[in-house]
Each structure stands twice: as structure tokens, then as C-alpha cells.
1. I'm trying to understand the selection: among the residues of region 69-105, which are free of Cβ contacts under 8 Å to residues at least 12 places away in the same chain and closer than 20 Å to residue 150 by Cβ?
2. Just need a number here: residues in region 1-12 that are part of a loop (DSSP other than H, G, I, E, B), surrounded by fewer than 20 Cβ atoms within 10 Å (Cβ to Cβ) and in contact with a strand residue (DSSP E or B) (Cβ under 8 Å, 6 or more places away or on another chain).
3. Report, by residue number, each residue of region 121-140 that is surrounded by 20 or more Cβ atoms within 10 Å (Cβ to Cβ) and modelled with pLDDT of 95 or more.
4. Of everything in region 1-24, what is closer than 16 Å to residue 41 by Cα and in contact (Cβ under 8 Å) with a residue 60 or more places away in the chain? Give them in sequence order.
5. Across region 13-36, what is the total count of residues that are touching a strand residue (DSSP E or B) at 6+ places or on another chain (Cβ under 6 Å), under 14 Å from residue 119 (Cβ atoms) and assigned to a loop (DSSP other than H, G, I, E, B)?
6. Any idea which of 66, 10, 18 is touching a helix residue (DSSP H, G or I) at 6+ places or on another chain (Cβ under 6 Å) and modelled with pLDDT of 95 or more?
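The values are calculated or read from the model by the stated rules, or taken from the named source; none is laboratory data. What you are looking at is a predicted structure, and each value in this text was computed from that prediction instead of being measured. Cβ atoms come from the backbone with ideal geometry, glycine included; neighbour counts cover every protein chain shown.
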């Protein structure tokens, strides 16, 4: 089960997108230096398909992307929820997932069509955030025609190598 704590409209998570970012709890990674350590606990409300679609509908026309930030405790639920968004808003909204996993979980890899963007990798303070040239994290755009991940991490670099992760 996925639980959400907060959500916001963000502009820097995915290139050229205005994103409704939904912050999920129950993160299993416990990355040292995590800026959202409160999301490691069992907090928040259940994120059902009905609730997510209601959130999206309230921002319809103002957003171009819907992202789940976390959800590594239940990648199958992430796929299911983002697939529901894609069905409801076919072609009108893109979807993204920020995962702290090193590799895409099998359930997500077998259903890449649920995503337009996927961020992989735990936060490592010594390597910096996605905007740092030394980061271990990667942001991928999903090429649906080839069912492949295309690394677009470089698109997040704005000369801010010291920015927080």
C-alpha cells in the first residue's frame, strides 16, 4: 500500500514539465543526508486510484506531468496508479516516478509504458543531487517506441553542483 503525505506543483523535477509531485511515505532506503527523512516513517493517508485521480483533476489544465516521489515499498502500486493516470489522461499528461532503487524493479521494468520519466538511485551526499555532475542518481526519459530508458540527467544541470538532494 502507498501512503501520501504531501503534494505540490514543482518545476524542476522533470525537464520542461509542470509537475504535480505526490510525496509518498514508507521509504525503505534511509539514505544518509536525505532531505525528506520524515517520509521514511509510516505516515500519511492511503493513496488510492480514486484519490490520485481526484488530485490530478483539481490541477487539470495547470500541470503537464504527474509524479510519485517514492513508493519503493510497493512498486506494483506505483505502476498501477500511474497507469490509471495514463488511461484517464491519454496523451494529455506525462507521468514520472522518483525511486531510490539502484535499478528499476522488475514489475516496473516489465511495464515501462506506465512512465514517461524514471529517476533511479539513492541519494548520496558525497556524490551530490541529480543536478551535480558527480551524482550517482539518473533521470531517464522512457522511449515508448523502443521500450528503452534514455538518460537525460544532464538536462537537470544548471551550474548548481552544490544544490541539495
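1. The answer is 91, and nothing else.
2. The qualifying residues number 2.
3. If the condition is that a residue be surrounded by 20 or more Cβ atoms within 10 Å (Cβ to Cβ) and modelled with pLDDT of 95 or more, then 139, 140 are the ones that fit.
4. 1, 2
5. The total comes to 3.
6. 66
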